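Taking it in order: structure first as structure tokens, then the write-up.
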Amino acid sequence: MEIASKYNPVSIEEKWYSYWMEKNYFHSEPDEREPYTIVIPPPNVTGVLHMGHMLNNTIQDVLIRRARMQGKNACWVPGTDHASIATESKVVAKLKAEGINKNDLSREEFLEHAWEWKEKHGGIILEQLKKLGASCDWDRTRFTMDEALYDSVIQVFIDLYNKGLIYRGIRMVNWDPKAKTAVSDEEVIHKEIQSKLYYLNYKVEGEDEFITIATTRPETILGDTAVCVHPDDERFAKFKGKKVIVPLVNRAVPVIQDEYVDREFGTGALKITPAHDIHDYEIGLKHKLKSIDIFNDDGSISEKAGLYIGKDRFDVRDEIVDDLKKSGHLNKIEDYINKVGFSERTDEVIEPKLSLQWFLKISELAKDALEVVQNGSIEFHPAKFKNTYRHWMENVRDWNISRQLWWGQRIPVYYLPDGEILVAKNLEEALEKAKTEFNMPDIKAGDLTQDEDVLDTWFSSWLWPISVFDGIRHPENKDVNYYYPTNDLVTAPEIIFFWVARMIMAGNEYRKEIPFKNVYFTGIVRDKLGRKMSKSLGNSPDPLDLIKHFGADGVRVGMLLTSPAGNDLPFDESLVEQGRNFSNKIWNALRLVKGWKIDDKLAQSESNKMGVEWFEARFNQVLNQIEKNFDDYRISEALMATYKLIWDDFCSWYLEIIKPAYQQAIDRPTYEKTIAIFEKLMKLLHPFAPFITEEIWHLLKDREAGDDIIISRTPVSQNFDKSVISNFQFAENIIGGIRTVRREKNIPQKESLMLMLRKGGKSDFALYPLVQKICNIEKVEIVDDKPEGSISFIVGSQEFYIPLTSSIDIDAEIAKLEDELKYTKGFLISVSKKLSNERFVDNAPKAVVDKERQKQSDAEDRIAVIEEQLKNFGK
């Protein structure tokens, strides 16, 4: 069989992925086998493949392929998330480029454009995952706006509303002025910003005195309704019960007292703007203060502010500072570093804002969701994230589930002409309810108004493990009863609250069962400087380019070698180069083995027999560790063990042991054992490197149709003889000693040597035939004493001697040793001199002194070795 001289991943990967798809190997249907299920963390429908996706989906594919090879019914459900804010902003930008303003469109017209955009651009990322080798059940691909998933979300909203867990109210929310919607606390990224601290004078009403306050947001004075001081702050005691005049707007507001005030910040006096700061809002509620909302939804100044109407908030900041300066109210300005919240989706500065929103009470749901993690029903890998999870779950706030957008599941709430609320799946049901439950027999569809908001994207994805199997609408269907709960979730720790916690809540509520048994948290992929890889920084390579240059297997292996669970991956292109080199190493091993001629008449040599026996023991030893690594979700370590087993043990040792001499044949028993070993190694490697292993599987020997590695059974560790392992380690050390002698004495491998060993100890060691073959030893001889003119080395308690042959230039060796002896003695003198200096020993750091003492000891040892070698030469 002709095997290409170089491994070509591009053509091979395309060939095998198409073949697997044709054979329908990724598809799963419920049957009598044990199910193994993973649901993909649905990427945004707007998304394209990035390095984080590569890592996350490689790990999922490793788990799913291994389960498939264990004989389980493996089902990996793919899909995408409708991503309300991200998608709507993309569609708005597209329309703007075409000269269309969203505000000029009806909701239905806009949604037509959104669906058109989704059909054209959505799903790109899923196609890209195929290049990585992802063995998802593509027939089960889901989208969070599919009819079944959409209806499931609506059904859950109605259920929770009827249970009294969903309510509507005016609350302080994080407002994104660019997206014009509320976002959750978890969707706000806080960044340290170089700001200014403005000190402003508020005149006391009817007096010539001032109270000076400090603020980073002078534009918000337009909404001030109080000035607050600490009740124990004597500096402001005289102002109790008085009022001050807000600069520019000339509004009289009370001076109030509250222990919330930090007396050390600014002047100790705090301006209170209940409509635009969460803490001011709480103080406003407590002291029954008026709230003045001075911002429009787009971040411009509203009519309620009275000044600067319609102008952008940040333009007003500059303008109001000038006006405060002119009016004499600006006391001073200081540089100040503070944390500012930004929208995760649009990178817009968040505006705290009072808004009428829908909320879900989650405190009770959170208790059960915390318990199943605390008691080990769900395990986190690594376990350190349990504490992070517990902290959040013990401090949950009601979930703001409404978003002021059009793309998403529209809230199923309808308003009667008098403002009364009714909740229904659709307009027809709402109309029927109005007629029967509200006794309005003459009401028409046009009299009902549906709520304009959509639900938070996470309100659909929290149902994902259930809704992908249609388990909300049809809780007893065969799919959900078979595949749920799923086995493993692979995700990022950043969404432990957004998604992981909420899925657990939903699972408990709607299946009375946890949604998954294990959560594997990946780390963040970072560049050499430790920065998170991102498009905006321009520090992220294109994953598809990496696959094109290094092969999908090379990229998978390279990334996984250095990505233990929960730890960040410091990415460097040399990693995927290492992965590609590994593929090349295996390919060359295949070419070597398949290039051997077989002689059926040739008996198996003792060294080959020993080599086979050793490798089978070693294989089971390593496999045992790999299985434990998988049990502990130490996937990177499982790959590293597999990598070393193939590169070091198989390629560097085993093949070297059994390799026939140049142009010589190999015996059939050894060859067939080697093919069987190669097969087992490819099975072990397949979950990590699926393409090259399938290719090699079919090149190792002729196979019947359907005999494919993807559905073969993975090896299971067997008992092994530990003495075989320890004996080989002893042989390795002997071989190492002989190689050292060859290297130091410039003796080529082709020149055979004699190996002598002192009688006793390991003189009857069984693996000497193996050592002879690898090291080109002509004869192994037992002696009573060390022969003259020989070099010695010791392994364990056994002493070995190699007589120096006539090809060695004795005079040159002696000269080299004498030069080294002279240099080493000089080095010893300088180190000893330094150590005899009391000032150095007393004042230098202990580590430095210890290092010098080690140098002294090493030099003394080396001198003894050199003098012994010279003695062997008669010097």
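Figures for the structure shown
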| quantity | calculated |
| --- | --- |
| Accessible area of the chain divided out per residue, in Å², using a probe of 1.4 angstrom | 46 |
| For Tyr336, distant residues with modelled amide H under 5 Å away | Ser195, Lys196, Leu197 |
| Spatially proximal aspartates and glutamates relative to Lys243 (Cα-Cα < 16 Å; intrachain offsets below 8 disregarded) | Glu205, Glu207, Asp208, Glu209, Asp224, Asp258 |
| Between 0 and 90°, nearest 10: helix 51-69 axis offset from the chain longest Cα axis | 60 |
| Aspartates and glutamates with Cα under 12 Å of Lys353, excluding same-chain neighbours fewer than 8 positions away | Asp176, Asp277, Asp280, Asp293, Asp297, Asp298 |
| Flagged links, alpha-carbon separation over 31 Å, of Lys528/Lys585; Lys762/Lys851; Lys191/Lys425; Lys701/Lys762; Lys180/Lys286; Lys72/Lys512 | Lys762/Lys851; Lys191/Lys425; Lys701/Lys762 |
| Alpha-carbon centroids, region 328-403 and region 701-753: separation in whole Å | 55 |
| Order by protection proxy (mean Cβ within 10 Å, highest first), peptides 740-753, 299-312 | 299-312, 740-753 |
| Share of carbon and sulfur in the accessible heavy-atom surface of the chain [1.4 Å probe, %] | 48 |
| Linear extension gain, Lys304 paired with Asp542, 0.36 nm per residue minus alpha-carbon span | 80.8 nm |
| Vicinal HN-Hα couplings computed from phi for region 632-647 (Karplus, 6.51 cos²θ - 1.76 cosθ + 1.60; Hz; Gly/Pro x) | 8, 6, 9, 6, 4, 5, 4, 5, 4, 5, 5, 4, 5, 4, 7, 5 |
| Protection-proxy order for peptides 543-554, 79-90, each taking the mean of Cβ atoms within 10 Å per residue, highest first | 79-90, 543-554 |
| Sequence-distant residues sharing a close amide H with Arg142 (under 5 Å, placed H) | Gly79, Thr80 |
| Overall form of region 421-516 per C-alpha gyration tensor (a/c, 1.5; a/b vs b/c) | prolate |
| Mean Cα-pair separation over length for region 744-829, i.e. relative contact order, pairs under 8 Å, 6 or more apart, % | 31 |
| Alpha-carbon centroid distance for the pair region 10-55 / region 193-218, whole angstrom | 60 |
| Calculated from backbone phi, Karplus (6.51, -1.76, 1.60) coupling profile of region 343-359 in Hz, x at Gly/Pro | 5, 4, 7, 10, 6, 8, 5, 6, 10, x, 8, 6, 8, 7, 9, 9, 10 |
| Rounded to whole Hz, the Karplus (6.51, -1.76, 1.60) HN-Hα couplings of region 136-144, x for glycine and proline | 6, 7, 5, 5, 9, 4, 10, 9, 5 |
| Relative contact order (percent, whole number), region 493-609, Cα cutoff 8 Å, 6+ residue spacing | 23 |
| Cβ-derived FRET efficiency at R0 41 Å, Ser363 paired with Asp146, nearest 0.05 | 0.85 |
| For region 306-323 and region 763-832, distance of Cα centres in Å | 87 |
| Förster-model FRET efficiency, 30 Å R0, Ala844 and Glu867, C-beta, rounded to 0.05 | 0.45 |
| Beta bridges by DSSP in the chain, antiparallel share as percent, to the nearest 5 | 70 |
| Shape category assigned to the chain from the gyration tensor of Cα positions, a/c cut at 1.5 | oblate |
| Extension gain, Ile814 back to Lys786 (0.36 nm per residue minus Cα-Cα distance, nm) | 8.2 nm |
| On Cα atoms only, tilt of 690-700 relative to the major axis of the chain in degrees | 30 |
| Spin-label model distance (nm) - His190 vs Ile794, 7 Å beyond Cα toward Cβ | 6.3 |
| Lys/Arg +1, Asp/Glu -1 at C-beta; region 686-817 dipole; positive extreme among Leu757, Leu770, Val780 | Leu757 |
| Mean Cα-pair separation over length for the chain, i.e. relative contact order, pairs under 8 Å, 6 or more apart, % | 12 |
| Gain in span if fully extended, His27 to Thr388, counting 0.36 nm per residue against the direct Cα distance | 126.3 nm |
| Nitroxide proxy distance, nm - points 7 Å out along Cα→Cβ at Lys834 and Gln729 | 3.5 |
| Global form of region 428-577, assessed from the alpha-carbon gyration tensor, a/c cut-off 1.5 | prolate |
| Cβ-derived FRET efficiency at R0 41 Å, Ala93 paired with Ile443, nearest 0.05 | 0.50 |
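The values are calculated or read from the model by the stated rules, or taken from the named source; none is laboratory data. The structure presented is a predicted model; accordingly, all values stated were derived computationally and were not measured. FYI the Cβ positions are ideal-geometry reconstructions off the backbone, even for glycines, and counts take in every protein chain you see. To get the accessible areas, we keep the full protein, side chains included, count just its heavy atoms, and leave off ligands, DNA and RNA. Shrake-Rupley method; radii C 1.70, N 1.55, O 1.52, S 1.80 Å.
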